[in-house]
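Input: a single structure, listed below in structure tokens.
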Amino acid sequence: MSELRDSGISQPEVLAAIGRTPREEFVLPRDRHRAYLDRALPIEREQTISQPWVVARMTELLEVGSEARVLEVGTGSGYQAAVLASVVGEVFSIEIDAELAASSRQRLERLGYSNVHVRAGDGFYGWPEEAPFDAAIITAAAPRVPPMIVEQLKEGGRLVMPLDDGERQSLVRGRKRGGEVPLERITEVIFVPMVGAVRKEP
């Protein structure tokens, strides 16, 4: 935890959430001994789990409270959703890989994260039945902001995601104002690419 503080993570709620989330439950069995290293690790289906600092920073950038309803695109093994679940009211997480979605749902249920809802689907379209959301977080690098996610954000809602411009990936954040989400670049990052309609539809 001191490493996260030294790296600029300052919100007590986020530090506490990272501290009580059993990261060893979200990595491959062979990597359990490395679970608390501050590095990305492989998970099922050729995906990765982000390093704790990235998860903490993205959570912090959302600037949401304990009653917030948050949309997550890219469940992965469920680690980011689990951290969020300790900070916000409800998490609605979408995973495009149906097998990964099923295993993550089972894992989160087994660990008692009753305020996390996981479904399989293309996160480009969001989760319209549960909109509007107080915030949205995308955990895979996309070439653009999915417009339907912007639509499903409340006015004033925060978006945090890695944006891929073809040469580099940047962690960005924005707040919805007048139906638009102007973006602010935070830092360079490396994420697996977001796949699906985000790379096909205009």
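The values are calculated or read from the model by the stated rules, or taken from the named source; none is laboratory data. Because the structure is predicted, anything quoted here is derived from the model rather than measured. For neighbour counting, all protein chains shown are included, and Cβ atoms are generated from backbone atoms with ideal geometry for every residue, glycine included. Calculation scope for accessible area: heavy atoms of the full protein, side chains included, ligands and nucleic acids excluded. Shrake-Rupley method; radii C 1.70, N 1.55, O 1.52, S 1.80 Å.
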Taking only the C-alpha atoms, wrap a convex hull around the range 46-95 and report its volume per residue in Å³ as a whole number. 62 Å³
Heavy-atom surface of the range 52-202, accessible at 1.4 Å and reported per residue (Å²): 41 Å²
With loop defined by DSSP as not H, G, I, E or B, and exposure as at most 15 other Cβ atoms within 10 Å, which is the longest segment of the chain clear of exposed GluC sites (Glu not before Pro)? 68-166
Return one quarter of the surface area of the convex hull spanned by the alpha-carbon atoms of the range 122-187, equal to its mean projected area, in nm². 4.2 nm²
